[in-house]
Amino acid sequence: MFIKKVHHAAIICSDYSISKAFYTEILRLTVIAEHYRASRDSYKLDLALPDGGQIELFSFPTPPKRPNNPEACGLRHLAFGVESMTHMVDYLVRQGVNVEPIRVDEYTGKQFTFFKDPDGLPLELYEQ
């Protein structure tokens with residue numbers, strides 16, 4: 001097998017300070033490195049996921065808006081595995097994050113739900 005795991009997901013945000021706070025303070029991801037790239041007027045923030053994966057958070061001066069259609073071609077959503085669905089949903093709601101009702105995957109029987117980051121990127125919680 002050549003591919004071992006997903007190494008990272010890259011996210012472009014519209015407001016760096018708001019997205020940085022969301023991913024580091026609300027989702028509690030750990031900062032690995034932060035770089036300002038003057039030639040692009042852009043930040044790159046590397047965030048650690050507990051399983052060793054990473055999220056790269058980028059800022060650019062005027063990124064285009066994400067298409068509103070969730071079924072458009074391309075990456076549909078980013079999913080995070082969680083131990084306790086109710087604990088995580090309760091926590092996010094206390095942080096002011098709008099979380100959809102918990103559903104059950106008809107194929108696996110596992111609970112899942114969706115919420116959005118500050119730019120409306122769909123994020124999923126999936127029961128481990």
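Just so you know, all these numbers are worked out from the coordinates, no wet-lab data involved. Here the structure is a predicted model, which is why all the values come from computation and not from measurement. As a convention, Cβ positions derive from the backbone with ideal geometry for all residues, glycine included, and neighbour counts pool all protein chains shown.
Across the range 85-114, which residue is surrounded by the fewest Cβ atoms within 10 Å (Cβ to Cβ) among those that are in contact with a helix residue (DSSP H, G or I) (Cβ under 9 Å, 6 or more places away or on another chain) and without any contact (Cβ under 8 Å) to a residue 12 or more places away in the chain?
The qualifying residue surrounded by the fewest Cβ atoms within 10 Å (Cβ to Cβ) is Gly96.
Looking only at the range 17-73, count how many residues are closer than 24 Å to Val99 by Cβ and among the hydroxyl-bearing types (Ser, Thr, Tyr).
5
Please work out which residue is nearest to the chain's Cα centre (by Cα), limiting yourself to the range 15-56 and to residues that are closer than 25 Å to Tyr91 by Cβ and among the small types (Gly, Ala, Ser).
Selected residue: Ser19.
For the range 117-128, give me each residue that is at negative phi and outside any strand (DSSP E or B). Quick ask: steps written out before the conclusion?
Going through the range 117-128, the residues at negative phi turn out to be 117-119, 121-128.
Result: Asp117, Pro118, Asp119, Leu121, Gln128.
For the range 3-116, list the strands (runs of 3 or more DSSP E) that sit wholly inside it and hold at least 1 residues that are on the phi < 0 side of the Ramachandran plot and charged (D, E, K, R); which are they?
30-37, 42-48, 54-59, 111-116
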